[in-house]
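The values are calculated or read from the model by the stated rules, or taken from the named source; none is laboratory data. These figures come from a predicted structure and were not determined experimentally. Note that each Cβ is placed from the backbone with ideal geometry, even for glycine, and that neighbours are counted across all protein chains shown. These accessible areas exclude ligands, DNA and RNA; they are computed on the full protein's heavy atoms, side chains included. Shrake-Rupley method; radii C 1.70, N 1.55, O 1.52, S 1.80 Å.
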Amino acid sequence: MAYTSQDLLTVLVAAVLTAGIYAAMSYGLSIIYGVMKIINLSNAGVMMLGAFTTFELFRRAHMDPFLASLIVFVFYFSLGLVMYRLLVRRVVTSPPISSLLLLFGVWLVIQNIAILIWGNQDESILSKYTFATVSVLGLPVSVTRLVVFFVSIVALGLVYFFLTHTYTGMAIRATAQNRDAARLVGIDVEKSFMIAFALGTALAAFAGSLLSTIYSFNPDFGRVFQLKSFSIIVLGGLESLPGVAIGAIILSFIESLSIFVMRASMQNFLAFTILVVALVVLPNGVAGLWQRGRG
Amino acid sequence: MRKYWPFMLLFAMVVLPLFLGLAPNLDLGFFSYYYFLNLGFITFVFVAQAVAWNILGGYGGQISFGYSAFFGLGAYTTAVLWGMYHWPMVLTFPVAGLVGVIFAIIIGLPTFRLTGPYFSIATLGIGEAMRVLMLNINSLGGASGMNLPTTIPGKMWFYYAGLILVSGTLAVSAWVRQSKFGLALFALNMDQNAAASLGVNVALYKNLAHMLGAFIVGMSGGLYATYFQYIHPDQVFGFQASISLVLMPVIGGVGTLWGPVLGGTIYYFLEDTLLSSLPSLHLLVYGVLLVLIIVLEPNGLLGMAARVQRWWRARQKEHTVAFPDAGKGALP
């Protein structure tokens, strides 16, 4: 089969657009890990719930899916607060095994509830944007993907602004750096944990909501994307936004280019392979390479 | 007396089928001969896996969500060697275990060097990645799975094979607990940096424990494949297989010798009797169970039993202190 440079360009544009949403979906995981040092396995479940909530808002209330994603953000922020108060609070200081298993359990519960409500079949959101295209660099680009890209970037920017320019955000970052030192200077560490967890949860649901406008989804929808998120944050060195962005770009480019050489159904295997390769070659992520170069 | 009960249990497990075999067609409803052999075999395989998982996951505190990869690789190794190359069946099991070990090294070497949760993260994808890979390898059946030869020994053979596997695994686990190797695992579980600074080669011991677990789970995968004579990527590499491996030790008591045995037995019993009638609530039940165990009693059923025992002893003591003359003939 022969590919033209036009094909290549199309794939590259698609890769850039995908990288935006990948970064948004991984940043929540990265925030929670950075601040609390726990792996939020319930992320996958929340992502899926975000998608289905958008679906319901779209189907029953005929709401614009992008407007719905804002409601999803707020709603899952509150859910994150509740989850933290009820469950996560108890395992923050326990050995990692507890938080891993607890949140794994939460994920299983969320997934099963979704199966009970929505069944096991695939759903999708067909809005007025779904089949619309615009021309970028002379290439037809789906409007949905374009909007999702910009919304993701704006959301990431806002979260980043919150973390760097507000008191609460800076308290969260201080907690991430050293929780004992943060406590010493009077930061309410418990509150930082709570907000960080809720923020991470909300970002996951928000990303799920945006993903639902592009892909079809079922109750197992979060798993694949969770694995991709892990690859991304490991590539990015687990804790920083620039790292996450770089990781997202790398994963999305490799995935997009891989369709020239392998079956699309093998993409999940690819995300995992990248994860393992990244662990071997770049244990501190791409950002670590940068630091190694400077140090 | 107390010390010998594992051997008495083993003796009972050896003798029971012989005893039931005297009247193989006697149907006691729940407890017929063939049902017992089948239940026994599957429980043994599950328990052996749980005990194997517990060596790294319980003693060493390194949670793996990816043991289904070893299970599936073992199953496929046996399927290929026995089904395609006509090896003697029994010889394929150790090879199945070794394939698991090789894969364990591939996963363990990069991830165990690092502190932090990298290992658990990587294992989350292992099973899924292998499943996707196997679904796409058409020479190994791909998405239609693989049929194995049907010339297998009887159920009795499998029962005893399972029993040997599980007893061997328990013996290994018991040995690890009291060895220097086990001590190193316990130490790195408590504080990895402290253990490393005292000269424990953390990465080495984690890898060894991982390889040991992989070997046992790989063998059990081979045994499982021959028993059911058919394997499919969704089944042997499925998420379900990995979840059950985590759940069994957690239910019984992570990091104890007998916890996984108790958990595995209960788990399979739950799976077989209760949940087969409620397939849509599988994950919910498991998830709620996990959450409750972690929040209420992280040491599982054995932890709960210990707590009850302590409470009971304290109560007894309270009684003797409060009523020093109790039972000394207060009544005429």
Give the dimensionless ratio obtained when the Cα radius of gyration of the range B:31-82 is divided by 2.2 N^0.38 Å.
-> 1.44
Taking every residue in A:222-228, how many Cβ atoms of other protein chains lie within 10 Å of its Cβ, on average?
-> 2
Report B:Arg310's accessible area, 1.4 Å probe, all protein chains in place, as a number in Å² to the nearest 10.
-> 150
If one computes the Cα centroid of the range B:278-302 and of the range A:207-286, what distance in Å separates the two points?
-> 30
Charge tally for neighbours of A:Ser265 with beta carbon under 14 Å away, counting Lys, Arg as +1 and Asp, Glu as -1, is -1
Considering every Cα-Cα pair within the range B:106-234, what fraction, in whole percent, is farther apart than 22 Å?
-> 54
Where the Cα pairs of the protein assembly as shown fall when distances are cut into 10 Å bins, in % = 3, 15, 25, 25, 17, 10, 4, 1, 0, 0, 0
Cα-only Debye scattering, the range B:33-273: base-10 log of I(q)/I(0) at q = 0.12, 0.14, 0.16, 0.17 Å⁻¹ | -0.62, -0.85, -1.09, -1.22
Enter the buried accessible area of the B/A pair, total of both sides, probe 1.4 Å, in Å² rounded to the nearest 100.
-> 3600
Cα centroids of the range A:1-74 and the range B:229-253: how far apart, whole angstrom?
-> 29
With only alpha-carbon atoms counted, please give the Rg and Dmax of the range A:88-243, in Å.
-> 18.8, 57
Can you give the helix-only mean residue ellipticity at 222 nm for the protein assembly as shown, where every DSSP H stretch with n ≥ 4 adds -39500 (n - 2.57) and the sum goes over all residues, rounded to the nearest 500 deg cm²/dmol?
-> -24000 deg cm²/dmol
Calculate how steeply helix B:239-252 sits against the longest principal axis of the alpha-carbon atoms of chain B, using the helix alpha-carbon long axis, and give the answer as 0 to 90 degrees to the nearest 10.
-> 20
Comparing each residue of the range A:240-273 in the complete protein assembly with the chain by itself (heavy atoms, probe 1.4 Å, ligands and nucleic acids ignored), those losing at least 10 Å² of accessible area are A:Arg263, A:Ser265, A:Met266, A:Asn268, A:Phe269, A:Phe272
Radius of gyration and Dmax over the Cα atoms of the range B:283-322, both given in Å | 14.6, 48
So what's Rg/Rh here for the range A:5-294, counting alpha carbon atoms and using the Kirkwood radius for Rh?
-> 0.96
When the charge dipole of chain A is computed with +1 on Lys and Arg Cβ and -1 on Asp and Glu Cβ about the Cα centre, the Cα farthest towards its positive end, among A:Met47, A:Phe197, A:Ser209, belongs to A:Phe197
For B:Ser144, the accessible surface traced by a 1.4 Å probe with all protein chains present amounts, in square angstrom to the nearest 10, to 80
Within the range A:116-191, report the chymotrypsin sites (Phe, Trp or Tyr not before Pro) that DSSP leaves as loop and that have at most 10 other Cβ atoms within 10 Å.
-> A:Phe131
Farthest toward positive dipole pole in the protein assembly as shown [+1 Lys/Arg, -1 Asp/Glu at C-beta], among B:Tyr267, B:Leu18, A:Ala181 = A:Ala181
Peptide A:56-64, shielding by other chains (average Cβ, 10 Å cutoff) | 0
So, in Å, what gap is there between the alpha-carbon centers of the range B:102-133 and the range A:149-199?
-> 30
In square angstrom, rounded to the nearest 10, how much accessible surface does A:Val147 have for a 1.4 Å probe?
-> 50
Would you list the P(r) distribution for the range A:95-140, with all Cα-Cα distances sorted into 5 Å bins from 0 and each bin expressed as a whole %?
-> 5, 16, 11, 12, 10, 10, 9, 10, 10, 7, 1
Calculate how steeply helix B:67-78 sits against the longest principal axis of the alpha-carbon atoms of chain B, using the helix alpha-carbon long axis, and give the answer as 0 to 90 degrees to the nearest 10.
-> 50
How large is the charge dipole for chain A, taken about the Cα centre, if only the Cβ atoms of Lys, Arg (+1) and Asp, Glu (-1) carry charge, to the nearest 20 debye?
-> 500
The range B:68-138, relative contact order in percent, only Cα pairs under 8 angstrom and at least six apart counted = 31
If you roll a 1.4 Å probe over the heavy atoms of the protein chains, what accessible area per residue do you get for the protein assembly as shown, in Å²?
-> 44
Expressed as a rounded percentage, what relative contact order does the range A:5-294 have, with Cα pairs under 8 Å and six or more residues apart?
-> 35
Give me the number: length gained by fully extending A:Leu184 to A:Arg263, i.e. 0.36 nm times residue separation minus the C-alpha to C-alpha distance, one decimal in nm.
-> 23.0 nm
Counting only protein heavy atoms with a 1.4 Å probe and every protein chain in place, the carbon and sulfur fraction of the accessible surface of chain B in whole percent equals 70
Along the charge dipole of the range B:33-273, which of B:Val132, B:Ile107, B:Gln235 sits closest to the positive end, that is, farthest toward it, with unit charges on the beta carbon of Lys, Arg, Asp and Glu (+1, +1, -1, -1)?
-> B:Ile107
Count, for each residue of B:131-137, the Cβ atoms from other chains sitting within 10 Å of its Cβ, then give me the mean as a whole number.
-> 4
hull vol. (C-alpha, convex hull) per residue for the range A:1-72, Å³ -> 157
Dipole moment magnitude, nearest 20 debye, the range B:33-273 about Cα centre, only Lys, Arg, Asp, Glu C-beta charged | 380
In the range A:4-62, what percent of the accessible surface is made up of carbon and sulfur (1.4 Å probe, ligands and nucleic acids excluded)?
-> 67
Using only Cα atoms, find the angle between the long axis of helix A:43-61 and the longest principal axis of chain A, and express it within 0 to 90 degrees, rounded to the nearest 10.
-> 60
